[in-house]
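Contents: one structure, followed by commentary.
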Amino acid sequence: MTVSKNTPPIAFLGLGLMGTPMAKNLIPAFPVTVWNRDGAKAQALAALGAKVAATPAEAAKGAGTVITMLANGPAVEAVLFGAHGAAESLTKGTLVIDMSSSPPGMARDHAKRLEAKGVDYLDAPVSGGTVGAAEGKLAIMVGGESRVFERAGPIFARFGTPTLVGPVGSGQLAKLCNQAIVAVTIGAVAEALLLAEAGGADPAAVRQAILGGFAQSRVLTAHGNRMILRDFMPGGPADHQLKDCETIVASAKSAKLTLPFAETALGFFRDLVAHGGGRYDHSALLLELERRNAPARLGKAPDRLPS
């Protein structure tokens, strides 16, 4: 695909596990300027045709669209509105798309502040992990106006399948719903496989048997396999899952809801991170379950963990 020189560039801010493959998928179709706190990750994309900026403000200068893909809401706040933040360079008519996982209230606040500058805004967090990011098959949950959603269509098409779920903040709320299901299901899969092991069955065979029933899910398929292989190299880090669980519970309390399953998952992820597992894949919740049931263990394979 030929990139038109007259197309306003896209500024892509944040090149972590998800951001890097997402930016790579944009580069063949659009002029792209990248920024990352660790400049080496940005420089790695220069060879693919991206322009590298020294600050978020520099990246956003002249951009038609600014995309943030950062660790959390406070990081988005800093990159947009902090010193040398992107907001310094935004002009009327620019589009900001926050694809990070941020609290819904923060998304609404950012939209209001940017609206005062004549800037369009969408909150559009994603699900699908690093594989989905690399393959352009992410689920994209979008909050905002339909007019702005349609404007972003060609960009979203490079990442996966977008769904407009409501006004600003709704995308982040949908992501919390997604993460509540993921967190609770990871715990359920870990418990089931540990039970199979402790009861004398072959956990790999049990997983295979129940994949055809009502328990089938992407968590059982992908993370169940990770647990059996004891491969906890991060796709979705546990500390990110913890942050999402904290936001889920806080949002529920604001809505005057009690979510006991989400609260239980929060406790497990909090303990996993406290015991040094923050950078492990979130499927490593199994390790916390094993710690509480020592000496029970799933399989005999050595653990594969990030250094």
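Determine whether residue 158 is modelled with pLDDT of 95 or more, within 21 Å of residue 135 (Cβ to Cβ), among the charged types (D, E, K, R) and surrounded by 21 or more Cβ atoms within 10 Å (Cβ to Cβ). Even if it seems obvious, please write down each step before you answer.
Numbers: modelled with pLDDT of 95 or more: yes; within 21 Å of residue 135 (Cβ to Cβ): yes; among the charged types (D, E, K, R): yes; surrounded by 21 or more Cβ atoms within 10 Å (Cβ to Cβ): no.
Criteria not met by residue 158.
One residue stands out in segment 88-103 among those that are among the aliphatic types (A, V, I, L, M) and part of a loop (DSSP other than H, G, I, E, B): the one that is farthest from the chain's Cα centre (by Cα), namely 90.
Within segment 121-155, the residues that satisfy the criterion of being under 17 Å from residue 167 (Cα atoms) and touching a Lys or Arg at 6+ places or on another chain (Cβ under 7 Å) are 125, 141. Looking only at residues that are under 26 Å from the mean Cα position of the chain (by Cα) and at positive phi in segment 161-211, which one is surrounded by the most Cβ atoms within 10 Å (Cβ to Cβ)? Here the answer is 169. Selection of segment 66-104 for residues being surrounded by 24 or more Cβ atoms within 10 Å (Cβ to Cβ) and charged (D, E, K, R) yields only 98.
Within segment 63-87, can you find the residues that are part of a helix (DSSP H, G or I), of a type outside the set (Asp, Glu) and within 22 Å of the chain's Cα centre (by Cα)? 73, 74, 75, 76, 78, 79, 80, 81, 86, listed by residue number.
Checking each residue in segment 232-265 for being of a type outside the set (S, T, N, Q), touching a residue at least 60 places away in the same chain (Cβ under 8 Å) and more than 20 Å from residue 218 (Cβ to Cβ) picks out 243, 250, 259. Within segment 95-113, residues that are of a type in the set (S, T, N, Q) sit with their Cβ atoms under 8 Å from residues that are in a strand (DSSP E or B), at 6+ positions apart or across chains, in these pairs: 100/68; 102/123. Criterion first (part of a loop (DSSP other than H, G, I, E, B), hydrophobic (A, V, I, L, M, F, W, C), assigned by TED's automatic domain parsing to the domain that holds residue 134 and at pLDDT below 95) does residue 17 satisfy it? For residue 17, the condition - part of a loop (DSSP other than H, G, I, E, B), hydrophobic (A, V, I, L, M, F, W, C), assigned by TED's automatic domain parsing to the domain that holds residue 134 and at pLDDT below 95 - is met.
The values are calculated or read from the model by the stated rules, or taken from the named source; none is laboratory data. The shown structure was predicted, so the numbers you read here are calculated from the model rather than taken from an experiment. Neighbour counts are summed over all protein chains in view; Cβ atoms, including those assigned to glycine, are modelled from backbone coordinates with ideal geometry.
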